[in-house]
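S.K.: Below is the structure I would like to discuss, written out as structure tokens.
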Amino acid sequence: MEVQKAVSFLGYMIPPSYSTASIGPNSGQKIAYVYDASGTKLRQVQIAVNGTVTKTILRTILFILIVLIFSCTSTKYPMVHKKEIIGRWCLEKELTGYSTITFTENSLVVLSTNIDTIYFYRYYLEGKYLYFQNFEDKKAKTAILKFTKNSLVLAPFLDTKETQVYYKCE
């Protein structure tokens, strides 16, 4: 005598006295009916066949990967365009450093100190960095840590030792 065991079917435990039948069009979806021993239909479920489940899983994984890639590629530092930085910027606190920085349209930057010293440099922006170039072709760079239309935060640059926080003075 053969002993029948319960079968798991789409998360449902089907005892040996139940049977299943598959019907439906050949569209990649089959409909399964679960019957009891007397022939009464208990439940209807859809079954994906012909790789539909695999395609759905792969699409889901691809979607998740795309979301992760785009969420990981955000820049830590802001991108600043030359038109946005042009103008006069004043140091927020009286720190050692340059009390005002003036960026001009012709790529000239004027750095003023509290002791009436003025420095002139050429400047250019490249990604998150602000480059200073003196007229002897010596270059210095600093990272732009934060930029809004009214504030500019620079990492220590040239001879400054602290992060410099500027606001738009005009």
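S.K.: Using a cut-off of 9 Å between beta-carbons, work out the net charge of the residues near SER107 (Lys and Arg +1, Asp and Glu -1, SER107 not included).
M.R.: Values: positive: LYS82, ARG122; negative: GLU105.
That works out to +1.
S.K.: Quick check: net charge around LYS83, other residues with Cβ under 12 Å of its Cβ, Lys/Arg +1 and Asp/Glu -1? Walk me through the numbers before you get to the answer.
M.R.: Details: positive: LYS82, LYS149; negative: GLU84, GLU105.
Taking every other residue near LYS83 into account, the sum is 0.
S.K.: Turning to a different aspect of this structure: Cβ under 10 Å from TYR131's Cβ, TYR131 left aside: what net charge do those residues give with Lys, Arg +1 and Asp, Glu -1? Present the calculation step by step, with values, prior to reporting the outcome.
M.R.: Details: positive: ARG122, LYS139, LYS141; negative: GLU126.
Every neighbour counted, the sum reads +2.
S.K.: Which pairs, out of LYS82/LYS139; LYS83/LYS149; LYS138/LYS161; LYS139/LYS168; LYS93/LYS138, put more than 21 Å between their alpha-carbon atoms? Spell out each step's value before the answer.
M.R.: Working: LYS82/LYS139 18 Å; LYS83/LYS149 11 Å; LYS138/LYS161 19 Å; LYS139/LYS168 25 Å; LYS93/LYS138 28 Å.
Pairs exceeding the cut-off: LYS139/LYS168; LYS93/LYS138.
S.K.: Full extension from ASN150 to ARG43: what is 0.36 nm times the residue separation minus their Cα-Cα distance, to one decimal in nm? Don't skip to the end; give the middle numbers.
M.R.: Details: separation 107, 0.36 × 107 = 38.52 nm, distance 6.46 nm.
Result for the pair: 32.1 nm of gain on full extension.
S.K.: Then there is this: Highest mean first, how do 146-152, 116-122 rank when packing is the count of other Cβ atoms within 10 Å averaged over residues? Before the final figure, lay out the partial values.
M.R.: On the way: 146-152: 14.1, 116-122: 12.4.
The densest-packed peptide leads the list: 146-152, 116-122.
S.K.: Run the numbers for SER71 and GLU105: contour at 0.36 nm per residue of separation, minus the present Cα-Cα distance, in nm.
M.R.: Values: separation 34, 0.36 × 34 = 12.24 nm, distance 3.43 nm.
Working it through step by step, the gained length comes to 8.8 nm.
S.K.: Quick one: which of 55-68, 131-144, 99-112 comes out on top by average Cβ neighbours within 10 Å, and what's the full order, highest first?
M.R.: On the way: 55-68: 10.3, 131-144: 13.3, 99-112: 15.8.
Listed from highest to lowest mean packing, they are 99-112, 131-144, 55-68.
Values quoted throughout were computed directly from the atomic coordinates according to the rules given, and no laboratory measurement underlies them. These figures come from a predicted structure and were not determined experimentally. So basically every Cβ, Gly included, is an ideal-geometry build from the backbone, and we count neighbours across all protein chains shown.
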